[in-house]
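To start, the structure itself, in structure tokens.
The values are calculated or read from the model by the stated rules, or taken from the named source; none is laboratory data. Nothing here was measured: the structure is a model prediction, and the numbers come from that model. Every residue, glycine among them, receives a Cβ derived from its backbone with ideal geometry; neighbour counts consider all protein chains shown.
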Amino acid sequence: MESAGDFANFVKLPEEEKNKYYQPVPPEDVRVCGFKPEDLVSFILDDNSMYPDYFQGDELYIAYREPLQDGRDFAVMVNDKILIRRINIQGEMIELVPVNMDYSRETYRKDDIRWLGRVCGHSREL
């Protein structure tokens, strides 16, 4: 599995910007991922791009400080939009792969995307 650990585009959003996109993760939910509460945020998926793995409306737990890894699901920012995608590292390029084939794969230079963290868990209302 390829890793982009030296990739400098990791971003920890400032608190005021982070609060526009994410919600803090309550301490009782941390057991889902095994991370400290300050290293996690939650994000409500607003589309079906990752269906059937994650549904629209699922709450995804995002772990900061996780190195970008090939084949793992990450929250990334492209053109000021946050996407949840499976990562495919191809040398200096990153392919963002939706699980749902109704959505298009997109490829970017590593320098053109920022990653926010790895999806480490989710919850869903039944």
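Screening I113 with (1) β-branched (V, I, T); (2) surrounded by fewer than 19 Cβ atoms within 10 Å (Cβ to Cβ); (3) more than 17 Å from Q56 (Cβ to Cβ); (4) at pLDDT below 95 gives one miss only, at (2). Being over 10 Å from the mean Cα position of the chain (by Cα), within 26 Å of E38 (Cα to Cα) and modelled with pLDDT under 95: is that true of R124 here? Against the criterion (over 10 Å from the mean Cα position of the chain (by Cα), within 26 Å of E38 (Cα to Cα) and modelled with pLDDT under 95), R124 qualifies. Only strands (runs of 3 or more DSSP E) whose full extent lies in the range 56-126 are considered here, and the ones with at least 3 residues that are under 14 Å from L45 (Cβ atoms) and not polar (S, T, N, Q) are 59-63, 73-78, 81-90, 114-123. When Y103, Y108, Y51 are checked against the criterion of being without any contact (Cβ under 8 Å) to a residue 60 or more places away in the chain, more than 22 Å from E125 (Cα to Cα) and buried (at least 16 other Cβ atoms within 10 Å of the Cβ), Y103 stands alone in meeting it.
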